[in-house]
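Worksheet: the structure to be examined is printed underneath.
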Amino acid sequence: MAEKLQKYKYKSGGSSSRPTRTTRQIRPGDPDQPSPTRSESPGMTERMKADILSSLKGEISKIIREELKSALAEDFNSLKSELQAVRSEISKNMTAIQTEVDHMKADIQDVKGGLSTWSDEVAAQEVTITSLQRQVTTLTDRCEDMEGRMRRCNIRIAGIQEQPDSSSPNTVAKVIKEVLQLDRDIKIDRSHRTAATRKPGDREKPRVIIAKVHNDGDAAEILRRARERAPLVYNGNRISIFPDYTPSVAKARAAFTDIRRTLRGRKGVRYGLLYPARLRISHNNEDEEFLDPGKAMEYVRKKVIPSTEAAD
């Protein structure tokens, strides 16, 4: 820029160059001081200044534009190269991503096909499982019924002290005849005590005797007489004789114990526990049967207890 300024040529009138001359320092009052000419008037000097400033401005602007253009061109080229590299990288990544997406689509299609197959198989298995559940329920009921029929001739005797031969068939037959005051002998096929382990507080409590009566009619008569003659006493100890139910039936019948205890001794109320676990209540000439202990207790509290207490 400095070099260009040094090369600048002053122009006068736009055509001829200013003549050069040797100058010396002119002091005020110097007799050789030239007098101003008409061409060097103040107005002409101002125009020359304006021309110089205008020319300088144009040159400076041109130089600045060229410098900025050069700098921006380098930055632009660098930025363009970087954008091209990024674009190339993105293109490569997009290709890889597209490949992965295609693989995932193929896998999803395979999974859909497998799920469809498995869904059909599961539906078939559900049908099979439902059928098997019905069969298991039916077989369980049949087994429960068969076991209950096999136990029809069995009785349980609780409260007889454990002594040698205290659970033999002959001893059991003798005890039954004596306690129930039967006029004939009862044939007992076999008898034994339960193998249940004793609890810490039941060390002195004898185990229950299970006896198989030869005739089911004798077993029914023994149970009937035991209910009629309750409580039963043998050798000064209170004993109990009751049927030998299966565990599930015994549990279902035990659920009605509180209800039977509530109804016991109430006037005008008759009740009985039918096999396998059905509670029948007769009250005010109405008979009701219940399989659910909760519903039975609700009936007793709403209808039986208020009427019996009002009658008392």
### Query
Listed residues Arg301, Arg253; which is of a type outside the set (Ser, Thr, Tyr) and more than 30 Å from Glu162 (Cα to Cα)?
Arg301
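Matching residues to (1) open to solvent by less than 80 Å² (accessible area, probe 1.4 Å); (2) of a type in the set (A, V, I, L, M, F, W, C); (3) in a helix (DSSP H, G or I); (4) modelled with pLDDT of 90 or more:
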| residue | (1), (2), (3), (4) |
| --- | --- |
| Ala96 | yes, yes, yes, no |
| Val101 | yes, yes, yes, yes |
| Leu115 | no, yes, yes, no |
| Glu126 | no, no, yes, yes |
| Gln133 | no, no, yes, yes |
| Val136 | no, yes, yes, yes |
| Glu178 | no, no, yes, yes |
| Ile186 | yes, yes, no, yes |
| Asp189 | yes, no, no, yes |
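Being part of a helix (DSSP H, G or I), within 37 Å of the chain's Cα centre (by Cα) and either surrounded by 10 or more Cβ atoms within 10 Å (Cβ to Cβ) or without any contact (Cβ under 8 Å) to a residue 12 or more places away in the chain (or both): is that true of Gly148 here? Outline the logic, then answer.
Details: part of a helix (DSSP H, G or I): yes; within 37 Å of the chain's Cα centre (by Cα): no; either surrounded by 10 or more Cβ atoms within 10 Å (Cβ to Cβ) or without any contact (Cβ under 8 Å) to a residue 12 or more places away in the chain (or both): yes.
In short, no.
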### Query
When you go through (1) open to solvent by 30 Å² or more (accessible area, probe 1.4 Å); (2) closer than 24 Å to Ser248 by Cα; (3) hydroxyl-bearing (Ser, Thr, Tyr) one by one for Thr171, which number turns out not to apply?
(2)
### Summary
For the stretch 253-280, pairs from a residue that is under 13 Å from Ile305 (Cα atoms) to a residue that is part of a loop (DSSP other than H, G, I, E, B) and of a type in the set (Gly, Ala, Ser), with Cβ under 7 Å and 6 or more apart or across chains, are none
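Considering only residues that are among the acidic types (Asp, Glu) and modelled with pLDDT of 90 or more, which ones fall in the stretch 282-312?
Restricting attention to the stretch 282-312, the residues satisfying the condition of being among the acidic types (Asp, Glu) are 286-289, 292, 298, 309, 312.
Within the stretch 282-312, Asp287, Glu288, Glu289, Asp292, Glu298 qualify.
Is it fair to say Arg156 is under 14 Å from Ile222 (Cα atoms) and loosely packed, with under 12 Cβ neighbours inside 10 Å? Show your work before the answer.
Numbers: under 14 Å from Ile222 (Cα atoms): yes; loosely packed, with under 12 Cβ neighbours inside 10 Å: no.
Against the criterion (under 14 Å from Ile222 (Cα atoms) and loosely packed, with under 12 Cβ neighbours inside 10 Å), Arg156 does not qualify.
The values are calculated or read from the model by the stated rules, or taken from the named source; none is laboratory data. Everything numeric in this text was worked out from a predicted model, so none of it was measured. Note that each Cβ is placed from the backbone with ideal geometry, even for glycine, and that neighbours are counted across all protein chains shown. Heavy atoms of the whole protein, side chains included, go into the accessibility calculation; ligands, DNA and RNA do not. Shrake-Rupley method; radii C 1.70, N 1.55, O 1.52, S 1.80 Å.
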